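In what follows, a single structure is set out as C-alpha cells and then discussed.
The values are calculated or read from the model by the stated rules, or taken from the named source; none is laboratory data. If you're wondering where the values come from, they're calculated on a predicted model, not measured in any experiment. Virtual Cβ from ideal backbone geometry, glycine too; neighbours counted across all protein chains shown. Side chains included, ligands, DNA and RNA excluded: accessible areas come from the protein's heavy atoms. Shrake-Rupley method; radii C 1.70, N 1.55, O 1.52, S 1.80 Å.
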Amino acid sequence: GVEAPQIVRLDGEALEVSRGGVPVTDPDELEFPRAFGRIARWSFMQPWNLLDAGSRLEIRSARPPPAAGIVPPGPCDVVRLTLEEDGKAKPADWHDFYVSRLNRLVERVHSYRAEDAAYRVTIWSDHRRYDVVRVATRRATHASDAMGAVGPLEVVVEYSDVRFDVPLWDAPVPAPAA
C-alpha cells in the first residue's frame, strides 16, 4: 500500500528523478530530491570533510557500536565532528564517526541535529576501490536514539561510477542546508 519510492540520480550537476520508472517533472516534487542531492554530495565527502576549515574534532572513548544485524560489530575508535560557522560552533549538532580497529574503515556515523532534535545512524557498507581510494558506496540511514540504536530505515544512498576528476582541496563541499 506504499507509493513507489523516488529514485534520485545525481551526475555532477545533472539531477534525474523517477518513480516507478517514470520521470518526475513536477517542480513541487523536485524540491526534496534537490535537497537530497545536496545531502548525498555532502555525505559522500565524509570523511574527507573532517579536514575542512571549521571542522572541530574530538576523540571519544573507543567502543563497539550497537549491532546493526546478526554479526556483532568489533571495537571502533570514535571521532566526534562538530562544525563551526564564522568561528562559532553550530548549536549542539554533532557526527560521531566509528572507525573499525580491524580494517580502519568507517563503519557508521551517528549524528544529532539540534534543529529538529533528531538522531540518525548511517551504516557504511560495500566499500569499493576507485583508483587508490576506498569508498563506502552504500550508506543506509536509520532513525536512531541518543545511544545509537538502529531504528527504522529512512533513506539509502548508493554511489556508483565514482570519479575523482578535480583536485579534492580545490572544490570544498559546503554542509547541506536544512
Discussion item. Only one of 40, 53 is touching a Leu at 6+ places or on another chain (Cβ under 9 Å), closer than 21 Å to residue 94 by Cβ and among the small types (Gly, Ala, Ser). Can you tell me which?
Written reply: 40
Discussion item. For the stretch 138-163, which positions are under 15 Å from residue 45 (Cα atoms), among the β-branched types (Val, Ile, Thr) and surrounded by 18 or more Cβ atoms within 10 Å (Cβ to Cβ)?
Written reply: 157
Worksheet entry | Members of the stretch 23-39 found to be exposed (fewer than 13 other Cβ atoms within 10 Å of the Cβ), at pLDDT 80 or above and either on the phi > 0 side of the Ramachandran plot or outside any strand (DSSP E or B) (or both), listed by number | 25, 26
Worksheet entry | Some residue of the stretch 65-76 being part of a strand (DSSP E or B), out of contact with any Cys (no Cβ under 9 Å at 6 or more places or on another chain) and farther than 25 Å from residue 13 by Cα | yes
Item to complete: Could you check residue 49 against (1) open to solvent by 60 Å² or more (accessible area, probe 1.4 Å); (2) in contact (Cβ under 8 Å) with a residue 12 or more places away in the chain and say which number it fails?
Response: (1)
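So which residues in the stretch 55-69 are of a type in the set (Gly, Ala, Ser) and under 18 Å from the mean Cα position of the chain (by Cα), if there are any at all?
Kept after step one, since they are of a type in the set (Gly, Ala, Ser), are these residues of the stretch 55-69: 55, 61-62, 67-69.
If the condition is that a residue be of a type in the set (Gly, Ala, Ser) and under 18 Å from the mean Cα position of the chain (by Cα), then 55, 68 are the ones that fit.
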Worksheet item: Hey, residue 17 hits all of (1) of a type in the set (A, V, I, L, M, F, W, C); (2) out of contact with any strand residue (DSSP E or B) (no Cβ under 7 Å at 6 or more places or on another chain); (3) surrounded by 15 or more Cβ atoms within 10 Å (Cβ to Cβ) but one; which does it fall short on?
Response: (2)
Response to the item:
Only one of (1) over 22 Å from residue 111 (Cβ atoms); (2) surrounded by 14 or more Cβ atoms within 10 Å (Cβ to Cβ); (3) not polar (S, T, N, Q) does not apply to residue 10, and that is (1)
Item to complete: Please list, ordered by first then second residue, the pairs with beta carbon atoms under 8 Å, 6 or more apart or interchain, first in the stretch 115-129 and closer than 20 Å to residue 68 by Cβ, second assigned to a helix (DSSP H, G or I) and small (Gly, Ala, Ser).
Response: 122/43
Discussion item. I'm checking my understanding of the structure. Among residues of the stretch 130-148 that are assigned to a strand (DSSP E or B) and small (Gly, Ala, Ser), which one is nearest to the chain's Cα centre (by Cα)?
Written reply: 140
